[in-house]
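The values are calculated or read from the model by the stated rules, or taken from the named source; none is laboratory data. Please read these numbers as outputs of a predicted model, since none were measured by experiment. Cβ sites come from the backbone with ideal geometry, for glycine too, and all protein chains shown count toward neighbours. Remember, those area values only see protein heavy atoms, side chains included, never the ligands or the DNA or RNA. Shrake-Rupley method; radii C 1.70, N 1.55, O 1.52, S 1.80 Å.
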Amino acid sequence: DKSAVALREIEDMGVDALAVTTDVKLEDEVDQLLEKTIKRFGQVDILVNNAGMNLRKSPEDYLPEEWDLVMDTNLRSAFLCSKAFFPSMKMVGRGKIINIGSMFSIFGGDVVPAYAASKGGIVQLTKSLAVAWAPHNIQVNAVLPGWITTDLTEPIATQFPDWHQDITSRIPAGRWGVPSDLAGVALFLASGASNYITGAVLTVDGGYSVK
């Protein structure tokens, strides 16, 4: 279980941590997540909306329930979590919300219609929340990862070498990203260094989106 591994790594650094298994598509479960978090830590300062899934199909082959599943997982969850955690942030007079989008927040894709729509929605949700909650000293920003080497994307190099090379050749940085490439951006947006930045959309893609 990746949550258990992450929990141990955090605790090994001497930091108190809590893992709560939550279906973030469901309002009741999100409310329970908030309740358990507040009970343990007293307040919420930072929220990262990172839930995501994809079903690769041509638009005409999508079933309505498949569309709803992707949209609910990727976009509804960010709305529910942000809405639930807002009162705690408002009460303490500050907060940071970081929404994780995708390069498909700005690009189309022939077999990712629901994913692209949901991640595009993440950008507009980010901007709307930023405007609404700025008076409460809550900054809401989005991060759009590009091609990052993960457990899910790593097989592309061996199974689809030509596609992998095509992608790499378009990245001005000359390489795929790694998860740690996202760490600095997340830390910046979660820290006081970004207190005057809200509604921003930061691409972390080695220049892929500007070429």
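Details
- Against the criterion of solvent-accessible heavy-atom surface with a 1.4 angstrom probe, 185, 143 sort, most first, into 185, 143.
- Among the chymotrypsin sites (Phe, Trp or Tyr not before Pro) found in region 120-211, those both in a DSSP coil and sparsely packed, with 14 or fewer other Cβ atoms within 10 Å of their Cβ, are 196.
- Sites residue 53 and residue 13 - FRET efficiency at Förster radius 25 Å, r taken between beta-carbons, to 0.05: 0.25
- Lysines with Cα under 30 Å of residue 36, excluding same-chain neighbours fewer than 8 positions away: 2, 25, 83, 90, 96, 119, 127
- Accessible area in the full protein assembly, largest first, 1.4 Å probe, for 47, 63: 63, 47
- Counting heavy atoms of the protein chains alone, residue 168 has an accessible area of about 30 Å² for a 1.4 Å probe.
- Distance between the 7 Å Cα→Cβ label points at residue 187 and residue 26: 3.7 nm.
- Theoretical gain in end-to-end length, residue 107 to residue 197 [0.36 nm per residue, Cα-Cα removed]: 30.0 nm
- Gyration tensor verdict on region 140-199 (Cα atoms; rounded if a/c is under 1.5, prolate if a/b is larger than b/c, oblate otherwise): prolate
- Nonlocal amide H pairs with residue 203, under 5 Å, H built at 1.01 Å: 144
- Sequence of 31, 1 when ordered by accessible area, the most exposed leading, probe 1.4 angstrom: 1, 31
- Each stretch of four or more DSSP H residues adds -39500 (n - 2.57); spread over every residue of the chain, this sum gives -14000 deg cm²/dmol at 222 nm.
- Solvent-accessible surface (1.4 angstrom probe) belonging to residue 91, in square angstrom, nearest 10: 140 Å²
- Unit charges at the beta carbon, dipole of the chain: most positive-side option, 199, 168, 101: 199
- Once the C-beta distance of residue 134 and residue 38 is scaled by a Förster radius of 30 Å, the resulting FRET efficiency is 0.80 to the nearest 0.05.
- Using heavy atoms of the protein chains and a probe of 1.4 Å, the accessible area assigned to residue 211 is about 130 Å².
- Globularity ratio of region 111-211, using Cα Rg and 2.2 N^0.38 Å: 1.25
- Where region 96-211 is the region considered: accessible area per residue in Å², 1.4 Å probe: 49 Å²
- Kyte-Doolittle mean at least 0.0, axial Cα span of 18 Å or more - DSSP H helices of the chain: 77-92, 113-133
- The apolar share of the surface of the chain, taken as the fraction of accessible area on carbon and sulfur atoms (1.4 Å probe, ligands and nucleic acids excluded), comes to 57 percent.
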